[in-house]
Amino acid sequence: MPQNSKRSSVLGWPDWADPLATERLRECLRNNHIGHAYLLAGPKGVGKADLALAFAQSICCTTVMQGDASQACGECRACRNVDRGAHPDVETFDLESQSALIDKGSSRASLSIETVRSLRSSASLLPLESSRRILIIDDAETLLHPAQQALLKTLEEPPAMVTLLLLSDEPETLLETVRSRCQQIPVRPRPEVAISSFLMERGVEATLAREVAVLSRGCPAWARAAAVEGTMLKARRAEWDAATTWIDASRYNRLVTAFTMGERFGKKRSDVLAVVQTVVQILRARMIDAAAGAEEVAAPTGATGVKNSPLAISRSITASLQCLSDLEANVRPRLALETMVMQWPNLELQQA
Ligand SMILES: [Zn+2]
């Protein structure tokens, strides 16, 4: 299987990922309490795939560090094969592999029941070189209900020498019965400053590192890729600009955008969530500047924001966070978005 393109090619535990999630996985390995199924939940680009492969590597490594079973050597053939996606006992099932192996090139937006069937037959095999087989299911949020039901059978009667790692940026889309059979490990975003400093340590120029960190929404794996991949950065800058335009629009235009986004939510849930997250981020940046009495508020792209009192911005942040949690709970998305923009400070009044 080709190496997953969502993952950067580095051996061992990613020192830039959520330390708590890393520690929980390593603890299982050290205590030799390796579960049958884990659910790694966190936003796209936060490092779930890197953690899953580091976990697999520690299980497959033929010369793990003495005294720490969670530390793969990073040099043996098994370690290198896991990293290259060529280890016989480690298999990743995601939209990319589905497109290559089952759909013969066509790109479906959800993991199909055929993919779960091929996972089930893979789970019935005995490990060839390691103590267990590690099956990674990335993009698990795209599993439709029939596919989840099929997966449930494996989760209910897990083969003895298999560990499943489900990776999802929207774990709430999984059936409760699926979630409850997995050990859930949240993989949390990292602070901006941690991301910019790890980028600089890896030779990224300081101004770019800071901009990428701001735009990363705390997702270090995304940041690593975006620092070298211009199109990713460009798309995120465009999102930032769109969110800025929305915040600074007239009341009427804000409502129009809220309406459009509400309509989009059914099809592109994560896109809409991303825009509202960006709104919160912009408002927080403005809050810091307003509190510091800054003359004007500069977005990372150099756009200039409109000045508001810290109190007004603080109310907007509260309203936007409420909207975000309503959207995450799928509570009437259009109403949630409209309610949010109604509570943003009225710029027309202020400018009058
Ligand atoms: Zn090794």
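Percent relative contact order of the chain, based on C-alpha pairs within less than 8 angstrom and at least six residues apart?
16 percent
Taking K and R as +1 and D and E as -1, what net charge do the other residues with C-beta under 15 Å from the C-beta of LEU164 add up to?
Spelling it out: positives minus negatives among the neighbours equals +1.
Using the Karplus curve 6.51 cos²θ - 1.76 cosθ + 1.60 with θ = phi - 60°, what ³J(HN,Hα) values do you get for each residue of segment 133-143, in whole Hz, with x for Gly and Pro?
8, 10, 10, 9, 10, 8, 6, 4, 5, 8, 5
Figure the gain on full extension for GLU263 and ARG332 (residue separation times 0.36 nm, minus the Cα-Cα span) and round it to one decimal in nm.
Result for the pair: 23.8 nm of gain on full extension.
Treating only the Cβ atoms of Lys and Arg (+1) and Asp and Glu (-1) as charged, compute the dipole magnitude of segment 19-186 about its Cα centre; round to the nearest 20 debye.
Computed charge dipole of segment 19-186: roughly 320 debye.
For helix 145-156, report the angle its Cα long axis makes with the longest principal axis of the Cα atoms of the chain; keep it between 0 and 90° and round to the nearest 10°.
The answer is roughly 50 degrees.
Only Lys, Arg, Asp and Glu count, each charged at its Cβ (+1, +1, -1, -1), so figure out the dipole size of the chain about its Cα centre, rounded to 20 debye.
Roughly 320 debye for the chain.
In the P(r) worked out for segment 181-305, what percent of Cα pairs fall beyond 24 Å?
The answer is 36 percent, as a whole percent.
Helix-only estimate, please: 222 nm mean residue ellipticity of the chain, summing -39500 (n - 2.57) across DSSP H runs of length 4 or more and dividing by its residues, to the nearest 500.
My calculation for the chain gives -16000 deg cm²/dmol from helical runs alone.
Inverting the mean 1/r over all pairs of different Cα atoms, compute the Kirkwood radius of the chain and quote it in Å.
21.9 Å
Give me the angle, in degrees from 0 to 90, between the Cα long axis of helix 48-60 and the longest principal axis of the Cα atoms of the chain, rounded to the nearest 10.
Once rounded, the angle reads 20 degrees.
Search the structure for amide H atoms under 5 Å from the amide H of GLN71, placed 1.01 Å from N in the peptide plane, and list their residues when 5 or more places away or on another chain.
Here the answer is MET65, since their amide H atoms fall under 5 Å of that of GLN71.
Report, in degrees rounded to the nearest 10, the 0 to 90 angle that the Cα long axis of helix 333-342 makes with the longest principal axis of the chain.
40 degrees
Could you look at segment 142-230 and say what percent of its accessible area is carbon and sulfur, using a 1.4 Å probe and all protein chains?
On segment 142-230, the fraction of accessible area on carbon and sulfur atoms equals 56 percent.
Using only C-alpha positions, report the orientation-averaged shadow area of the convex hull of segment 19-186, nm², one decimal.
Result: 9.1 nm².
Segment 223-284: which trypsin sites (Lys or Arg not before Pro) are DSSP loop and have at most 10 other beta-carbon atoms within 10 angstrom?
LYS267
In segment 111-270, what is the volume of the convex hull around the alpha carbon atoms, normalised per residue and reported in Å³?
Taking only Cα atoms, segment 111-270 has a hull volume of 167 Å³ per residue.
Among DSSP beta bridges lying fully in the chain, give the percent that are antiparallel, nearest 5.
5 percent
Would you mind pulling out the separation of the Cα centroids of segment 270-293 and segment 22-53, in Å?
Between the Cα centres of segment 270-293 and segment 22-53 lies a distance of 30 Å.
The values are calculated or read from the model by the stated rules, or taken from the named source; none is laboratory data. Since we're looking at a predicted model, the values are computed, not measured. No Cβ is skipped: glycine too gets one built from the backbone with ideal geometry, and neighbour counts run over all protein chains shown. These area figures cover heavy atoms from the full protein model, side chains too; ligands, DNA and RNA do not enter into them. Shrake-Rupley method; radii C 1.70, N 1.55, O 1.52, S 1.80 Å.
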